[in-house]
Amino acid sequence: QLQLVESGGGLVQPGGSLRLSCAASAFTLNFHGIGWFRQAPGKEREGIACISVSEGSTVYADSLKGRFTISSDNAKNTVYLQMNSLKPEDTAVYYCGARVRPGSNWSWEDYNYWGQGTQVTVSS
C-alpha cells in the first residue's frame, strides 16, 4: 500500500520560513494529484496547494498564493511545500494526501492516501 511520510515541521518565528517534505513510496501516473492540507485545532482540514505529478501543474488556495509554493522531485518521490512569511495563524498540523481518482483538489474526502502529518508552530 502507498505510504506518505511528512517531515520538516517545527517551531519557527513569525516571518520565518520552513520547507515541508512529503515522501511517497512511489509516484505513478495514476496520481491525479498530491496536495497539502493543514488542520488547526477545532477546525476543518484546509486545502493549501495541489500538484499534478505527471504534468507539474499547480494550484493554490487564493489566500496563501504568494507565500506558499508546492513542488515535486519525481526522482525522489517527494513533494515539497515551501512556506515563507509565516504567521501565527499558520500554526497547524500539515498533511500531504494523494488522490488517484478524479475529484476536488480542495476536498480532503477525495484523497485516497494520507501521511501522519507534521506539526508547524509559528510563535515568537
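The values are calculated or read from the model by the stated rules, or taken from the named source; none is laboratory data. The structure displayed is predicted, hence computed values, not measured ones. Using ideal geometry, Cβ is built from the backbone for each residue, glycine included, and neighbour counts are taken over all protein chains shown. Surface accessibility is based on the protein's heavy atoms, side chains included, excluding ligands, DNA and RNA. Shrake-Rupley method; radii C 1.70, N 1.55, O 1.52, S 1.80 Å.
In nanometres, what is the gap between the two model label sites at residue 43 and residue 100, each 7 Å from Cα along Cα-to-Cβ?
3.1
I'd like the isolated cysteines in the chain, meaning no second cysteine's beta-carbon lies under 4.7 angstrom from theirs.
Singleton cysteines: 50.
Normalised by the residues of the chain, what does the relative contact order come to in percent, with Cα pairs under 8 Å and at least six apart?
Details: 314 pairs, mean separation 44.7, N = 124.
Value for the chain: 36 percent.
Could you work out the mean projected area of the convex hull around the alpha carbons of the stretch 6-114, in square nanometres to one decimal?
Here the figure is 6.4 nm², rounded to one decimal.
Is the stretch 52-124 best put as rounded, prolate or oblate by its Cα gyration tensor, with a ≥ b ≥ c the root eigenvalues, rounded for a/c under 1.5, and otherwise prolate when a/b is larger than b/c, oblate when not?
The shape class here is prolate.
Roll a 1.4 angstrom probe over the protein heavy atoms and tell me the percent of accessible area of the chain that is carbon or sulfur. Walk me through the intermediate numbers first.
Details: 2880 of 6470 Å².
That share works out to 45 percent.
Need the list of lysines near residue 87 for cross-linking: C-alpha distance under 29 angstrom, and skip anything on the same chain fewer than eight residues off.
43, 65
Applying the Karplus parametrisation 6.51 cos²θ - 1.76 cosθ + 1.60 with θ = phi - 60° to the phi angles of the stretch 113-122, what ³J(HN,Hα) value in whole Hz is obtained for each residue in order, glycine and proline being reported as x?
Karplus-based 3J(HN,Hα) across the stretch 113-122 equals 9, 9, x, 7, x, 9, 7, 10, 10, 10 Hz.
Starting at the first residue of the stretch 34-49, write each ³J(HN,Hα) from the Karplus equation 6.51 cos²θ - 1.76 cosθ + 1.60 with θ = phi - 60°, in whole Hz, x for Gly and Pro.
The phi angles translate into 10, x, 9, 10, 9, 9, 8, x, x, 10, 6, 5, 10, x, 10, 6 Hz.
How much accessible area per residue does the chain have, in Å², with a 1.4 Å probe?
Computed with neighbouring chains in place, this is 52 Å² per residue.
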